[in-house]
């Protein structure tokens, strides 16, 4: 039985509204044109989220003069790239325990590549003068039940073996950082996590791509791919145009792309994101959280949260 009084949730959320926090502002870029007519490209990228935008930027950087086209069904960054908590962790395996369970022989390489990837992200943001509030913070993993404390302790040696700077915190120490009465222990990791404004990152990547000569088209969902002949170019078709492209990179993530084959390898995973009203100075002081850590609890269905 729930201890929450009937109607309390509806009352608490009465003034809320559904919106994407990061994009709910007036200083974003205007829409890119939609594709009309025909064109040719050395590379066509389908999808304008982080994967597609970064692929387009890298393709243009690596070969100046390469004709790169990016086709986005909605607006660049429309999907998961802007609908997230703004965490950027170096882990490629969703945690060391998961990595050891699935790729034990490759884990050292995966850890190294993940750290190189986060470093490269920061370098790319700096190189293209993208203002996206990318900054490193400690990660605070908190236990709210005794059994979670035991798991945190068990993970310390694993983290240290892979180069993590970690420290176990008792109840008092973790509450000194963030004054939650639910915390019984925690582990702070001082490396490999950054926070970011994902909308500004996406907007900045689009601007960087365009500055490198990438043609970006929005509101241009791809409806079909077809190779015109033998080893000839691929016809990338939208409702109002076609790009003949030597190569095509599909970067649609959880969205259905024009090819059926990748669908069996991708499952959408849903996050529910809530943002509080702005805190007063008194409310902010009562919480503590002076270190600005990115926080995640240790439950199976976990919560993660940050300051904005």
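Considering (1) within 22 Å of residue 20 (Cβ to Cβ); (2) in a strand (DSSP E or B), the lone condition that residue 85 does not fulfil carries the number (2). No other residue among 194, 143, 185 is at pLDDT 95 or above and under 28 Å from residue 250 (Cα atoms) apart from 194.
At least 3 residues that are without any contact (Cβ under 8 Å) to a residue 40 or more places away in the chain and surrounded by 13 or more Cβ atoms within 10 Å (Cβ to Cβ) in each: list the strands (runs of 3 or more DSSP E) lying fully within segment 147-233 that qualify.
Correct list: 166-169.
One line per residue, one yes/no per condition, for (1) loosely packed, with under 15 Cβ neighbours inside 10 Å; (2) in a loop (DSSP other than H, G, I, E, B); (3) modelled with pLDDT of 85 or more:
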site: 246; (1), (2), (3): no, no, yes
site: 253; (1), (2), (3): no, yes, yes
site: 258; (1), (2), (3): no, yes, no
site: 267; (1), (2), (3): yes, yes, no
site: 277; (1), (2), (3): yes, yes, yes
site: 283; (1), (2), (3): yes, no, yes
site: 286; (1), (2), (3): yes, no, yes
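Looking across 93, 109, one residue alone is surrounded by 15 or more Cβ atoms within 10 Å (Cβ to Cβ), free of Cβ contacts under 8 Å to residues at least 24 places away in the same chain and farther than 30 Å from residue 220 by Cα. It is 93.
For segment 70-81, the tally of residues that are in contact (Cβ under 8 Å) with a residue 60 or more places away in the chain and surrounded by fewer than 24 Cβ atoms within 10 Å (Cβ to Cβ) stands at 6. Looking across segment 117-137, the residues that are closer than 14 Å to residue 192 by Cα and buried (at least 18 other Cβ atoms within 10 Å of the Cβ) come down to 118, 121, 134.
Considering the conditions (1) closer than 18 Å to residue 221 by Cα; (2) surrounded by 10 or more Cβ atoms within 10 Å (Cβ to Cβ), residue 37 is excluded by exactly one of them, (2).
The values are calculated or read from the model by the stated rules, or taken from the named source; none is laboratory data. From a predicted model like this one, the values you see are computed outputs, not experimental measurements. Because the Cβ atoms are built from the backbone with ideal geometry, glycine has one as well, and the counts that use them run over all protein chains shown.
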